[in-house]
Amino acid sequence: MIEPIGNQYIVARPVYSSNAFGEEHKKKNRYHKTFLDHLKLCCSCSTQKAKGIVLSLFPVVSWLPGYRLKEWLLSDIVSGISTGLVAVLQGLAFALLVNISPIYGLYAAFFPGIVYFFLGTSRHISVGPFPILSTMLGAVVSSMATDASTNTTQSSNSSAVDSSSSMDQKVMVAATVTVISGIIQLILGVLRIGFVVIYLSESLISGFTTAAAVHVLVSQLKFILQLTVPSHTDPFSLFKTLVSIFSQIQKTNVADLVTALIVLLIVFVAKEMNQRFKDKLPVPIPIEFIVTVIAAGISYGCDFQTKFNVAVVGNMQGGFEAPITPDMTIFASTIGDSFGIAIVAFAVAFSVASVYSLKHDYQLDGSQELIALGIGNILSGAFRGFAGSTALSRSAVQESTGGKTQIAGLISIVVVLIVIVGVGFLLEPLQKSVLAALALGNLKGMLMQFAEIGRLWKKDKYDCLIWVVTFIFAIVLGLGLGLAASVAFQLLTIVFRTQFPKCTTLANVGRSNIYKNRKDYFDMYEPEGVKIFRCPSPIYFANIRFFRQKLLDAVGFSPLRVLRKRNKAVKKIRKLQKQGLLQVTPKGVICTIDTIKDSDEELDNNHIEELDQPINTADLPFQIDWNGDLPVNINVPRISLHSLILDFSAVSFLDVSSMRGLKKILQEFIRINVDVYIVGTDDDFTEKLTRCKFFDDEVQSSMVFLTIHDAVLHILMKTDYSTSKFNAIQEKEMKPDFTINTNGRLRKRDFQVPIETRF
């Protein structure tokens, strides 16, 4: 019964052990589904299930009917136009990283976007070319196209390879790798492997996207400086790229550099104005569109290509080319690279999508993202595009310019389509350095995540460590290996947290039913002779030894050592009695010698297993008080602990290996007359102990209590019952069980006073 009194409450109920609670409150017999039941449910068919499958495969059906036309359409249109222009510029720029013509970058920006509009679950990312994937793919294209060109040259005995044929070979390699990557993503999505995204924590994603932004920054430097830099995809590739850049820094085209710096300055200022005055501006300033029009016009009017030898986009053929069939002869030699590209593409896309889903509070489906990216890459590869994911800067544009849904993505696709079929030729005089600058101008938000370090350090040092290690791994090892190493490290931190838990000793706060760390509060009350130990993590094979050590540190002694000492003492006393050196008389127990030699100590060491067994004093004619004085030369550690409470409310599971270790620990305490209580466990935990035959005549199920306070009250009631027998003589001066006289005599005591345990 609960009676509220103001802001307090009084609870009147019995003290419950787990067994007593089970006897008074009967549990329901619930049916637990088997594997066959789950299989039948999975294979069953119903209207509701069919509807759920359609909604999961086509997420657009779930959000499009609820689209707020008046509130969102204008923002999506502005965002779509801005994002579409950036997609065009980045498609042109990133195609150069693949070592193919810029027009194919537009194909890579167009086809995946169409698929993602219908199948994607993120509302804010813009799907298309990503510079790191383009760099990885460019290395494969350069290697495979060179080998193909060499074989063609040798077989035809010609002195040179036609440039058009060389480009076709590169496009074929890029398209084939893209299709294979898409197939891998599709298979992983169908198999629901997307669940692995649960291992990508917020700290890992933040560190990974920041490192990806740094990779993008470095990849664009060669276009800003107009330098010839080879592609690197192996570990330390970023540093190799920087070495290549700085080794030829004297060849920098000043006109390209100045143009890029001016564009960066303008973009940064405009972005800051959009952010600062977003409540006053009707629509964000489409700075990318403005800069592109002005830069292309100035370059064309002033003939920068001729006067300053700047690098421009060049020839832009209009329309689409016919689809191609992938060259499966290179499947075996590119499967490894294709798998790496598929994983990195998914990791980058999901990482960026996670940032915006957390910001705008909606759910993502990792497996559905794999399906959307996979089909998008298959379609893109079939139409001569190349592998895509999402570009950090392009997605930042779509979100920062007011994009609400993938309607903005659809509009951006229309912009790309217009450029492909109609106005692409207007971009021919545009400098490549402008493309690179526009790509970098939208990375500010990602790079500013360096500020996360300070925030994470204050909140959780483990999360801060994950962020830093992820960033370092992704920078040093590259995004593919870096992501794998980061996930492994993150899982390792979880192991560390559970393997070395922060165990604490609890005490009562304010004489209530609340128990906290005894080091944290002033008004703490700890029952005398009672120790309350809390373990805040699962107990398993890797941390059972650590748990034991922490428990021993908390109680201040080793029960096994005490047990062995007591068994040795009993053996000595029993030997003295057999030799007639210890005699029981009506007046007490008399020891006829003054000292006891330890010559037989080795006898005990040869039977060490016997010393670990329960203490048997049934054959002795007197009761031994182990905290009193014992015969000469018999030294046993004195302990004041009589009850140990183990708070397992935070222990989620216990494996079989650690169960044996825990039982051994409990047996050691029980054998030295320390009562042990387990509290706070749920029913599944207790049932598992029962199934594994954890309880027996020594470690009994009656030691399990519902709460700490139940166990403490049980101990106090038990102590009150024991002391009630001696109320008439408790005020007298008590002597120990054995009193050593100067002549070596032992005087027997008839009773033993329990320890006072009241608060």
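Scanning the range 293-320 for residues that are part of a loop (DSSP other than H, G, I, E, B), open to solvent by 50 Å² or more (accessible area, probe 1.4 Å) and modelled with pLDDT of 85 or more returns D303, F308, N309, F320.
Restricted to the range 180-210, and to residues there that are more than 18 Å from the chain's Cα centre (by Cα) and among the hydrophobic types (A, V, I, L, M, F, W, C), the residue that is nearest to V310 (Cα to Cα) is I180.
Considered as a group, the residues in the range 75-99 that are open to solvent by 10 Å² or more (accessible area, probe 1.4 Å) and in contact with a Lys or Arg (Cβ under 8 Å, 6 or more places away or on another chain) include one that is farthest from V293 (Cα to Cα), and that residue is N99.
The residue pairs whose first member lies in the range 412-431 and is among the charged types (D, E, K, R), whose second member is modelled with pLDDT under 90, and whose beta carbons are closer than 8 Å, counting only pairs six or more residues apart or on different chains, are E428/V312; E428/V313; E428/G314; E428/N315; E428/M316. Every residue in the range 237-272 that is of a type in the set (S, T, N, Q) and in a helix (DSSP H, G or I), please. Listed by number, the residues that qualify are S237, T241, S244, S247, Q250, T259. No other residue among I132, I125 is crowded, with 24+ Cβ neighbours inside 10 Å, at pLDDT 90 or above, closer than 15 Å to A212 by Cβ and touching a helix residue (DSSP H, G or I) at 6+ places or on another chain (Cβ under 9 Å) apart from I125. Would you confirm whether or not the range 461-483 contains a residue that is under 30 Å from M136 (Cα atoms) and either touching a Pro at 6+ places or on another chain (Cβ under 6 Å) or part of a loop (DSSP other than H, G, I, E, B) (or both)? Checked against the condition, which is being under 30 Å from M136 (Cα atoms) and either touching a Pro at 6+ places or on another chain (Cβ under 6 Å) or part of a loop (DSSP other than H, G, I, E, B) (or both), the range 461-483 yields at least one hit.
Could you please let me know if S657 is among the small types (G, A, S) and crowded, with 16+ Cβ neighbours inside 10 Å? No: the conditions fail for S657.
So, of the residues in the range 225-247 that are β-branched (V, I, T) and open to solvent by 10 Å² or more (accessible area, probe 1.4 Å), which turns out to be nearest to V352 (Cα to Cα)? This residue is T233. Inspection of the range 709-720 finds no residue satisfying the criterion of being touching a Leu at 6+ places or on another chain (Cβ under 7 Å), modelled with pLDDT of 90 or more and open to solvent by less than 50 Å² (accessible area, probe 1.4 Å). Within the range 627-665, restricting attention to residues that are farther than 21 Å from D710 by Cα and of a type in the set (D, E), the residue that is farthest from the chain's Cα centre (by Cα) is D629.
Restricting attention to the range 382-407, the residues being open to solvent by less than 10 Å² (accessible area, probe 1.4 Å) and of a type in the set (A, V, I, L, M) number 4.
For every residue, the table says whether it meets (1) assigned to a loop (DSSP other than H, G, I, E, B); (2) over 14 Å from I198 (Cα atoms); (3) at pLDDT below 90; (4) more than 21 Å from the chain's Cα centre (by Cα).
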{"site": "P326", "(1), (2), (3), (4)": "yes, yes, yes, yes"}
{"site": "G336", "(1), (2), (3), (4)": "no, yes, yes, yes"}
{"site": "G340", "(1), (2), (3), (4)": "no, yes, yes, yes"}
{"site": "V344", "(1), (2), (3), (4)": "no, yes, yes, no"}
{"site": "A347", "(1), (2), (3), (4)": "no, no, yes, no"}
{"site": "V352", "(1), (2), (3), (4)": "no, yes, yes, no"}
{"site": "K359", "(1), (2), (3), (4)": "no, yes, yes, no"}
{"site": "Q363", "(1), (2), (3), (4)": "yes, no, yes, no"}
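Does the range 39-63 hold any residues that are among the hydroxyl-bearing types (S, T, Y) and loosely packed, with under 11 Cβ neighbours inside 10 Å, and which are they? Correct list: S44, S46, T47. Which residues, taken from the range 306-320, are on the phi > 0 side of the Ramachandran plot and touching a helix residue (DSSP H, G or I) at 6+ places or on another chain (Cβ under 7 Å)? Across the range 306-320, the qualifying residue is only G319. Against the numbered list (1) modelled with pLDDT under 85; (2) under 35 Å from the mean Cα position of the chain (by Cα); (3) open to solvent by 10 Å² or more (accessible area, probe 1.4 Å), S142 comes up short only at (2).
Scan the range 665-719 for residues that are part of a helix (DSSP H, G or I) and of a type in the set (K, R) and the total you get is 3. Residues that are under 30 Å from H232 (Cα atoms) and in contact with a helix residue (DSSP H, G or I) (Cβ under 7 Å, 6 or more places away or on another chain): which helices (runs of 4 or more DSSP H) entirely in the range 18-105 hold 2 or more of them? Counting at least 2 such residues, we get 69-97.
Selection of the range 357-381 for residues being aliphatic (A, V, I, L, M) and open to solvent by less than 10 Å² (accessible area, probe 1.4 Å) yields L370, A372, L373. Residues satisfying the criterion are absent from the range 147-164 (criterion: surrounded by 17 or more Cβ atoms within 10 Å (Cβ to Cβ) and at pLDDT 75 or above). Of the residues A439, A349, A353, the single one that is touching a residue at least 12 places away in the same chain (Cβ under 8 Å), under 30 Å from Q305 (Cβ atoms) and buried (at least 23 other Cβ atoms within 10 Å of the Cβ) is A439. Set side by side, the residues F500, F522, F541 differ, and just one is free of Cβ contacts under 8 Å to residues at least 12 places away in the same chain and surrounded by fewer than 16 Cβ atoms within 10 Å (Cβ to Cβ), which is F522. Check whether at least one residue in the range 465-480 is within 26 Å of L654 (Cα to Cα) and either among the basic types (K, R) or surrounded by fewer than 18 Cβ atoms within 10 Å (Cβ to Cβ) (or both), and report yes or no. Scanning the range 465-480, I find no residue that is within 26 Å of L654 (Cα to Cα) and either among the basic types (K, R) or surrounded by fewer than 18 Cβ atoms within 10 Å (Cβ to Cβ) (or both), so the answer is no. For E687, the conditions (1) over 32 Å from the mean Cα position of the chain (by Cα); (2) within 20 Å of I708 (Cα to Cα); (3) open to solvent by 50 Å² or more (accessible area, probe 1.4 Å) all hold with the exception of (1). Exactly one residue out of F268, F223 is over 35 Å from the mean Cα position of the chain (by Cα) and within 23 Å of S395 (Cβ to Cβ), and it is F223.
Going by the conditions given, is V197 over 18 Å from F473 (Cα atoms), open to solvent by less than 50 Å² (accessible area, probe 1.4 Å) and modelled with pLDDT of 85 or more? Answer is no for this residue. Against the definition (among the hydroxyl-bearing types (S, T, Y), open to solvent by 80 Å² or more (accessible area, probe 1.4 Å) and at pLDDT below 75), how does T595 come out, yes or no? Spelling it out, T595 is indeed among the hydroxyl-bearing types (S, T, Y), open to solvent by 80 Å² or more (accessible area, probe 1.4 Å) and at pLDDT below 75. Among the residues of the range 18-57, just one is among the aromatic types (F, W, Y) and either under 30 Å from F118 (Cα atoms) or in contact (Cβ under 8 Å) with a residue 24 or more places away in the chain (or both), namely F21.
For the range 277-292, taking the residues that are hydrophobic (A, V, I, L, M, F, W, C) and open to solvent by 80 Å² or more (accessible area, probe 1.4 Å), the one that is nearest to the chain's Cα centre (by Cα) is identified as F277.
The values are calculated or read from the model by the stated rules, or taken from the named source; none is laboratory data. Predicted model only: the values in this text are computed from it and were never measured. Cβ: placed from backbone, ideal geometry, glycine included. Neighbour counts: every protein chain shown. The protein model used for the area step is the full one, side chains on, heavy atoms only, and it has no ligands, DNA or RNA in it. Shrake-Rupley method; radii C 1.70, N 1.55, O 1.52, S 1.80 Å.
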